[in-house]
Amino acid sequence: MKYAILGDIHANLEALQAVLRKCQELGVDKYLCIGDLVGYNASPRECVELVRSMNLEVVIKGNHDEQASGSTRLAGFNPQAAMAIEWTRQQISDDQRAWLNALPMLKNLGAKMTLVHATLDMPEKWGYIFDPLTAAASLHYQFTQLCFFGHTHVPLAFDKFGDVKGGPFDEVRIQAGHKYMINCGSVGQPRDGDPRASFITYSPEEMLVNLHRVEYDIAATQQKIRQAGLPERLWQRLATGR
Ligand code: ZN
């Protein structure tokens, strides 16, 4: 069995399609999504439609999904992100809005795996995990061996065995007695300085998690963002992965 865990797709259809092609090459059996299907980029309808058509076992709600499917004031969003959310609200169908709104914030898959967008201690507060200290707060509320999450758009792996250690990774070998929080990076707007789309695979039989990076047609995505009249910064950042 091979799982692919994808997240922070952010309405980037070209990146999502490239990731799904790579997953087929890798022989992925099941897909899980840790949220933020929409926001920032210009293909929210298409990305929601594509993910829905895949009938995933788990799709988690991210903060952009929450805001795009709601009508509340955009607290905590920078001006460019807020503009994209307002634009996204006009783009998605009522049916898509209801579907996004009904997504869960947290889900356990069997006794082994937890999926969340941001943190486990306060999933609805959308905090950021960038270091062992903030990972430790979440690990305290983690009742499975593995937690996959996103939100920062930076792939990082934290390992709790007594202390919590962690940082960038290519591969994590799961060991008995350890607990892990693994951020799968972002499909649609990477921020670790590598512009390629990011996702992970997990093989329970091999006890192995792997990070994958995939090139996609960034220029095509940028063109759509410009055509939609969204802020310049949103298309510019894709080329640098920041
Ligand atoms: Zn995000």
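The values are calculated or read from the model by the stated rules, or taken from the named source; none is laboratory data. Only a predicted model underlies this, so the values are computations on that prediction, with no experimental measurement involved. With ideal geometry, Cβ positions are generated from the backbone for all residues, glycine too; neighbour counts draw on all protein chains shown. Calculation scope for accessible area: heavy atoms of the full protein, side chains included, ligands and nucleic acids excluded. Shrake-Rupley method; radii C 1.70, N 1.55, O 1.52, S 1.80 Å.
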Per-region count, the range 195-211, residues assigned to a loop (DSSP other than H, G, I, E, B), under 26 Å from residue 240 (Cα atoms) and either free of Cβ contacts under 8 Å to residues at least 24 places away in the same chain or more than 16 Å from the ligand (Cβ to nearest atom) (or both): 1
Considering only the range 42-64, state which residues are more than 11 Å from the ligand (Cβ to nearest atom) and in contact with a His (Cβ under 9 Å, 6 or more places away or on another chain). 44, 47, 60, 61
Residue selected from the range 171-193 under the condition assigned to a loop (DSSP other than H, G, I, E, B) and in contact with a Pro (Cβ under 9 Å, 6 or more places away or on another chain), by the criterion farthest from the ligand (Cβ to nearest atom): 174
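Rundown of residues vs (1) within 16 Å of the ligand (Cβ to nearest atom); (2) in contact (Cβ under 8 Å) with a residue 24 or more places away in the chain; (3) of a type in the set (Ser, Thr, Tyr); (4) over 16 Å from residue 129 (Cα atoms), yes/no style:
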residue: 143; (1), (2), (3), (4): no, yes, no, yes
residue: 152; (1), (2), (3), (4): yes, yes, yes, no
residue: 155; (1), (2), (3), (4): yes, yes, no, no
residue: 161; (1), (2), (3), (4): no, no, no, yes
Does residue 219 satisfy being free of Cβ contacts under 8 Å to residues at least 12 places away in the same chain, away from the ligand (no atom under 16 Å from the Cβ) and under 16 Å from residue 239 (Cβ atoms)? yes
Which numbered condition residue 148 misses (of (1) within 16 Å of the ligand (Cβ to nearest atom); (2) open to solvent by less than 70 Å² (accessible area, probe 1.4 Å); (3) of a type outside the set (D, E, K, R); (4) closer than 30 Å to residue 230 by Cα): (4)
Can you tell me which residue among 213, 233, 196 is charged (D, E, K, R), open to solvent by 30 Å² or more (accessible area, probe 1.4 Å) and touching a helix residue (DSSP H, G or I) at 6+ places or on another chain (Cβ under 6 Å)? 233
Would you be able to say whether some residue in the range 1-13 is touching a residue at least 24 places away in the same chain (Cβ under 8 Å) and more than 25 Å from residue 156 (Cβ to Cβ)? yes
For the range 194-208, give me each residue that is farther than 15 Å from residue 176 by Cβ and of a type outside the set (Lys, Arg). 194, 195, 197, 198, 199, 200, 201, 202, 203
Give me the pairs, please: first residue somewhere in the range 39-67 and over 20 Å from residue 82 (Cα atoms), second residue anywhere and outside any helix (DSSP H, G or I) and within 13 Å of the ligand (Cβ to nearest atom), beta-carbon distance under 6 Å, and either six or more positions apart or on two chains. 51/37; 56/33; 59/33; 60/34; 60/35; 60/117
Listed by first then second residue, the pairs whose first member lies in the range 88-99 and is free of Cβ contacts under 8 Å to residues at least 60 places away in the same chain, whose partner is among the hydrophobic types (A, V, I, L, M, F, W, C) and part of a helix (DSSP H, G or I), with beta carbons under 8 Å and at least 6 positions apart or on separate chains, are 89/68; 92/48; 92/68; 92/100; 96/48; 97/68; 99/48
